Amino acid sequence: MTAQLIKGTDIREEILEEITKEVADIKEKHGQVPGLVTILVGENPASVSYVTLKGKTANRVGFKELQDNQDENISEADLLALIDKYNKDDSIHGILVQLPLPDHIDEKKILNAIDPDKDVDGFHPVNVGRLMIGGSEVKFPPCTPAGIQEMIVRGGVETSGAEVVVVGRSNIVGKPIANMMVQKGPGANSTVTIVHTRTKDLEGHCKRADVLIVAAGVPGLVKPEWIKPGACVIDVGVNRVGEKISEKTGKKVAILRGDVDFDAAKEIAGSITPVPGGVGPMTITMLMRNTLNSLKYQLGLME
Ligand code: GUN
């Protein structure tokens, strides 16, 4: 059996089309577009490429887009003042500070300084609390977990009463997706287990999963024989395992592998996300949705 492929690249296109239409509609009726600022400190190459892609996507869907690049040596006080400026700017609905930050800056202090009503990353404790409560309390679900849930829903995967096993307990993926899957509502209502580095029987837990969400950052951690036949496998891992020359551009590019051995797993699973082209493209897509929703909350179009 070969699994159904749940492709983030296809779902991204569907959602970006929906967002583009909605932005045009709101612009016509209300004369406003969502505004997103991305603050980048320093020149970490991975961060530069993420931020560039975020900017391009924001432009594509018709947002006002600002990229605010700051020197590696900016002081914590100056960065806090910059955030305060954007908190007060009515044309900005989403503020994103690209992580990681240099060591001399306290990441927690910076993230906590962003107005929770402009925190489109969903990392502020207020938004983490809103997510925990669930339902209409949720304003900005964090982007990668929101993308995972969207893929599960659009992939037609049954989650109600399903055994969901989440491998990994990070604040960005593992903990929030586990919390989202246990809530009431579509793409949720599941029985959820979180497993991590101290779990005694990783294999036994994975084998019970109807939906297996793997976000450990360890290439090939989940063995194909741990997958229940017919299960849905969501691989969040994006691990750089080497380099190759791109056939398209002739430039050096990273070879990416997931946390699951895709070729073997697709013969056992019922549905599976590829790496690359799976969960990855969904993160920026959900950032666009959160930024659009931020404007909609402000205009009273959402509660
Ligand atoms: N660095 C890597 N991923 C992310 C993300 O989703 N948001 C932010 N702000 N920084 C990141």
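The values are calculated or read from the model by the stated rules, or taken from the named source; none is laboratory data. Bear in mind the structure is a predicted one, so any value in this text is a computation, not a measurement. All Cβ positions, glycine included, derive from the backbone under ideal geometry; neighbour counts span all protein chains shown. SASA here: full protein model, heavy atoms, side chains in, ligands and nucleic acids out. Shrake-Rupley method; radii C 1.70, N 1.55, O 1.52, S 1.80 Å.
Quick notes on this one:
- Exposure ranking of Asp261, Asp121 by accessible area [1.4 Å probe, largest first]: Asp261, Asp121
- Solvent exposure ordering (accessible area, 1.4 Å, most first) of Leu301, Leu221, Leu212: Leu301, Leu221, Leu212
- Expressed as a whole percent, the accessible area of the chain that falls on carbon and sulfur atoms is 51 (1.4 Å probe).
- Based on Cα contacts under 8 Å between residues 6+ apart, the stretch 166-303 shows a relative contact order of 19 percent.
- Structure remark: mean-square fluctuation, Gaussian network model of the chain, C-alpha springs under 10 Å; the largest value among Lys184, Lys118, Lys228 belongs to Lys184.
- Simple rule: put +1 on each Lys or Arg Cβ and -1 on each Asp or Glu Cβ in the stretch 1-135, find the dipole, and look at Leu79, Thr52, Met132; the Cα lying farthest toward the positive end is Met132.
- If only the Cβ of Lys and Arg carry +1 and only the Cβ of Asp and Glu carry -1, the dipole of the stretch 199-262 around its Cα centre is close to 260 debye.
- Listed residues Gly156, Gly168, Gly258, most fluctuating in the chain (Gaussian network, C-alpha, under 10 Å): Gly156
- The stretch 99-202 shape via C-alpha gyration tensor axes, a/c threshold 1.5: oblate
- Between the residues Ser271, Ile105, Pro176, the greatest Cα displacement towards the positive end of the dipole of the chain, with unit charges on the Cβ of Lys, Arg, Asp and Glu, is found for Ser271.
- Whether the stretch 215-292 is rounded, prolate or oblate, judged on the alpha carbon gyration tensor where a/c under 1.5 counts as rounded: oblate
- Solvent exposure of Ser47, expressed as accessible area, is near 10 Å², computed with a probe of 1.4 Å over the protein chains only.
- Beta bridges assigned by DSSP with both partners in the chain are antiparallel in approximately 15 percent of cases.
- Per-q log10 I(q)/I(0), the chain, q = 0.15 Å⁻¹ (Debye; single scatterer per alpha-carbon; no solvent): -1.25
- Qualifying trypsin sites (Lys or Arg not before Pro) in the stretch 234-286, where qualification requires a DSSP coil assignment and no more than 14 other C-beta atoms within 10 Å, comprise Lys248, Lys251.
- Cα gyration tensor, the stretch 165-303 - rounded (a/c under 1.5), prolate or oblate: oblate
- Solvent-accessible area of Lys109, all protein chains in place: 100 Å² (probe radius 1.4 Å, heavy atoms, ligands and nucleic acids excluded).
- Gaussian network model of the chain, springs between alpha carbon atoms under 10 Å - residue of Gly55, Gly185, Gly94 with greatest fluctuation: Gly185
- Summing Cβ point charges (Lys, Arg +1; Asp, Glu -1) relative to the Cα centre of the chain gives a dipole of roughly 480 debye.
- Within the straight-line cut-off of under 16 Å between alpha carbons, the lysines reachable from Lys228 are Lys207, Lys266, sequence neighbours fewer than 8 places apart in one chain being disregarded.
- Listed residue (Val214, Val253, Gly237) projecting farthest to the positive dipole end of the stretch 181-303, Cβ model: Val253
- Against the chain, whose longest principal axis is taken from its Cα atoms, helix 280-298 shows a tilt of about 40°.
- Rolling a 1.4 Å probe across all protein chains gives His104 an accessible area of roughly 100 Å².
- Nearest 10 degrees, 0 to 90: helix 143-154 Cα axis against the chain principal axis: 50
- When +1 charges are put on Lys and Arg Cβ atoms and -1 charges on Asp and Glu Cβ atoms, the dipole computed for the stretch 14-68 relative to its Cα centre reaches about 120 debye.
- Mean separation of Cα contacts under 8 Å, 6 or more apart, over the residue count of the chain: relative contact order %: 21
- Each peptide in 33-40, 198-205 receives the mean, over its residues, of other Cβ atoms within 10 Å, and ordering these scores from highest gives 33-40, 198-205.
- Sequence-distant lysines (8 or more away, or on other chains) whose Cα lies within less than 24 Å of Lys296: Lys21, Lys27, Lys29, Lys54, Lys56, Lys64, Lys85, Lys88, Lys118, Lys139, Lys184
- Label-to-label distance, Val48 versus Leu99, with points set 7 angstrom from Cα along the beta-carbon direction: 2.3 nm.
- For the stretch 13-163, the antiparallel share of DSSP beta bridges with both residues in that region comes to about 0%.
- Separation of the Thr2 and Glu243 label points, Cα + 7 Å toward Cβ, nm: 3.3
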